[in-house]
1. Need pairs with beta-carbon distance below 6 Å; first residue within 22 Å of residue 27 (Cα to Cα) and within the stretch 44-70, second open to solvent by 30 Å² or more (accessible area, probe 1.4 Å) and within 14 Å of the ligand (Cβ to nearest atom); sequence gap 6+ or separate chains.
2. Can you find even one residue in the stretch 194-210 that is within 16 Å of the chain's Cα centre (by Cα) and surrounded by fewer than 19 Cβ atoms within 10 Å (Cβ to Cβ)?
3. Whether any residue in the stretch 104-125 is assigned to a helix (DSSP H, G or I), within 14 Å of the ligand (Cβ to nearest atom) and of a type in the set (S, T, N, Q) is what I want to check.
4. Please give the number of the condition residue 202 fails out of (1) at pLDDT below 95; (2) away from the ligand (no atom under 11 Å from the Cβ).
5. What's the total number of residues in the stretch 60-83 that are of a type in the set (Gly, Ala, Ser), more than 13 Å from residue 9 (Cβ to Cβ) and within 18 Å of the chain's Cα centre (by Cα)?
6. Could you go through the stretch 131-151 and let me know if any residue there is over 19 Å from the mean Cα position of the chain (by Cα) and more than 30 Å from residue 205 (Cβ to Cβ).
7. Filter the stretch 149-176 down to residues that are within 14 Å of residue 89 (Cα to Cα) and either near the ligand (Cβ under 9 Å from one of its atoms) or open to solvent by less than 20 Å² (accessible area, probe 1.4 Å) (or both), then give me how many there are.
8. Test of understanding: among 134, 139, which residue is within 12 Å of the ligand (Cβ to nearest atom), within 23 Å of residue 213 (Cα to Cα) and open to solvent by 20 Å² or more (accessible area, probe 1.4 Å)?
Amino acid sequence: MSECKTALVTGAGSGIGAAIAERFVAAGYRVALFDINAVTVRETSARIGGPGKTIAVDGDVSNEEHVQRAVWRTVEELGSLDVLVNNAGIEIYGTVVELTEEQWDRQIGVNLKGAYLCSKHAIPQMRNGGAIIHISSAHAHVSWPRCPSYDASKAGMIGLTRAMALDHGPQGIRVNAICPGYISTPLLEKAFAIGEADREAVLKFHPLGRIGTPLDVAEATLFLASGAAAFISGAVLNVDGCLTAQGL
Ligand code: NAP
């Protein structure tokens, strides 16, 4: 077993997940990047680390076989598994009347079931304790039109955080959630592009006067994974530039 700690980050091919993976590598972690996009995950892995520091695993977090393979490859190729970041997520828009059952299942399947599956298979590998960070959303606390399946998935991650923190605390595993506000990523750019969010309006929601960056979320994630957060578990940390404190 190596002294260097190892993290598995889902949805690490782009956006917030890529920034988290990059920040963890800079902090001395070995990182397994797990993403459904085989091209971006390989490119990001090569850019931020490469052999000995990172591995790229392509697969779907809602598919148990893919998750098992990602966890197995992390331990086999990087030597251990100490930190899991459940970041992979999608956002499907539509009222409950408009959403198809298939869309609902896909939204919950990736965002919530994916976090469950990755935790289920990662926890038995955390032999010396560990840390799990769920990337939820401000949408767990406040809503926005046409987001019921997304909001339900993100609120569900908060319940999952508390329940897992309780169950696995005695094993030395801390479980916390981060709720980002609007963060500048491809996911947000898509929302602007299809008219589901308005850039000027979103900017006005943030008393700090800017939209967040992926690095804002990566720094908070690194903190929650670190020894500096040794007595923090079952907590929900808003990284939202005061968005939810003011209400919408
Ligand atoms: P992003 O730019 O779209 O990145 C998400 C990554 O996850 C993409 O590489 C995506 O691949 C991948 N992915 C999608 N479905 C997957 C699956 N089933 N299995 C594995 N990987 C999958 O999104 P982001 O903005 O960085 O969001 C990351 C997380 O933060 C999400 O959980 C999101 O809900 C949350 N969040 C984002 C914001 C924001 O404003 N950006 C705010 C609050 C919370 P593809 O590109 O191929 O789909």
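The values are calculated or read from the model by the stated rules, or taken from the named source; none is laboratory data. Everything numeric in this text was worked out from a predicted model, so none of it was measured. Please note: Cβ atoms are built from the backbone with ideal geometry, for glycine as well, and neighbour counts cover all protein chains shown. Areas reflect the complete protein model, heavy atoms only, side chains present, ligands, DNA and RNA absent. Shrake-Rupley method; radii C 1.70, N 1.55, O 1.52, S 1.80 Å.
1. Matching pairs, first to second residue: 48/22; 56/42.
2. no
3. Yes, because at least one residue in the stretch 104-125 is assigned to a helix (DSSP H, G or I), within 14 Å of the ligand (Cβ to nearest atom) and of a type in the set (S, T, N, Q).
4. (2)
5. Selection size over the stretch 60-83: 1.
6. no
7. Within the stretch 149-176, residues that are within 14 Å of residue 89 (Cα to Cα) and either near the ligand (Cβ under 9 Å from one of its atoms) or open to solvent by less than 20 Å² (accessible area, probe 1.4 Å) (or both) number 6.
8. 139
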